[in-house]
Amino acid sequence: MKREREPLRWREVAQAVRQQHIGHSVVYRAEVDSTMAVCHALARAGTEPGVVAIADAQSAGRGRQGRAWQAPPYTCLLFSVLLRPTSARDRWPHVLWPLALALQEATRHVTGLQAAIKWPNDLVLGGKKLGGLLAEMTADSVIVGAGLNVNFPAAALALDQPLTTLADALGRHASREELLIASLRSFECWYGRWLEAPDAVWQAWRAGSSLLGKVVDVSLGGEVYSGVAEDLDRDGLLCLRTTDGRLQRFAAGDASIRLSRLE
Ligand code: BTN
């Protein structure tokens, strides 16, 4: 597979996503520490919500739980959006529901591939990680970020979890511009719905989840909890029926579907 080093045609993207909530302005940096940091700076400068920060490469990409996010330069979707939702602040982290649904929808629309949403904030294809989402709160905003593995072979990155890319799944490259435009347009719709009717979006997010009904291991703080993923509740918590019959709720953790039976 040829390694693509073409810069993203971001002006095309910016033109196509001048929307009500998201994309009235777009900031592009070829290379940056993190698009999250770009949005934090924009938030401090009092920038209007809805601004999108896009990069082709990150030197300090951020993942969940303080981890780094790796992506070969000029091959992926790497973007963040600054938001100030009208909903109650304790609900703001749930803005990752509409973002996950948007990336799932955009992937299907552009490539025909049906990715699943994996609690808490991953996109998976064939059980392997295709993308990840992150939310960071400031005093008066929430910044969301998304990374989607597009045009590189997953084998190029040595990570401790199974990874996939759209190019691996398709056997060809996909258009990053089409994917980004579709993602931001879909996010506009899902975000608007989430502001109006958060329960409906929670239902859709829950329905798109790959874990429900499966036996899973949840790693958190050095411990592993095993059980059946019974539900994702209205707060986004994973409800796990553990082997002792208790229902345990998790706000965070790394979940993996178990291949062996529960003992
Ligand atoms: C995860 O750990 O799964 C979440 C990863 C989120 C990565 C994206 S890439 C664009 C944005 N900028 C960052 O530094 N992180 C997010």
In order over region 241-251: 3J(HN,Hα) from phi, Karplus 6.51/-1.76/1.60, θ = phi - 60°, whole Hz, x for each Gly or Pro, gives 7, 7, 4, 7, x, 7, 9, 9, 10, 10, 8
Cα gyration tensor of the chain - equivalent ellipsoid semi-axes, whole Å, descending:
29, 22, 16
At a Förster distance of 30 Å, what's the computed FRET efficiency of L195 paired with E31, Cβ-Cβ distance as r, to 0.05?
0.35
Report, ordered by chain and residue number, the aspartates and glutamates lying within cross-link reach of K118, taken as a straight Cα distance under 18 Å and ignoring same-chain residues fewer than 8 apart.
E105, D160, D217, E230, D231, D233, D235, D254
Got a sec? Which residues in region 66-109 would a label at R234 touch, if it sits 7 Å along Cα→Cβ and we count backbone N under 14 Å?
88, 91
Between exposed trypsin sites (Lys or Arg not before Pro) in the chain, where DSSP calls loop and at most 15 other Cβ atoms lie within 10 Å, what's the longest gap?
68-171
Filter the DSSP H helices in the chain by two things, a Kyte-Doolittle mean of at least -0.5 and an axial alpha-carbon span of 20 angstrom or more, and list the hits by number.
96-111, 176-196
For L77, other-chain or 5+-apart residues with amide H closer than 5 Å (H placed, Pro excluded) are L148, V150
Using Cα springs under 10 Å in a Gaussian network model of the chain, which residue among F250, F79, F187 shows the largest mean-square fluctuation?
F250
Mind checking the alpha-carbon convex hull of region 1-145 and giving the volume per residue in Å³?
125
Given the C-alpha centroids of region 2-34 and region 47-113, what is the distance between them in whole angstrom?
13
Can you give the net charge of the other residues whose Cβ lies under 13 Å from the Cβ of G23, counting K and R as +1 and D and E as -1?
0
Per the helix-only model, the chain has a calculated mean residue ellipticity at 222 nm (DSSP H runs of ≥4, -39500 (n - 2.57) each, divided over all residues, rounded to the nearest 500) of -8000 deg cm²/dmol
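Read the figures in this text as sums done on the coordinates, not as results from a lab. Quantities reported herein were computed from a predicted structural model and do not represent experimental measurements. With ideal geometry, Cβ positions are generated from the backbone for all residues, glycine too; neighbour counts draw on all protein chains shown.
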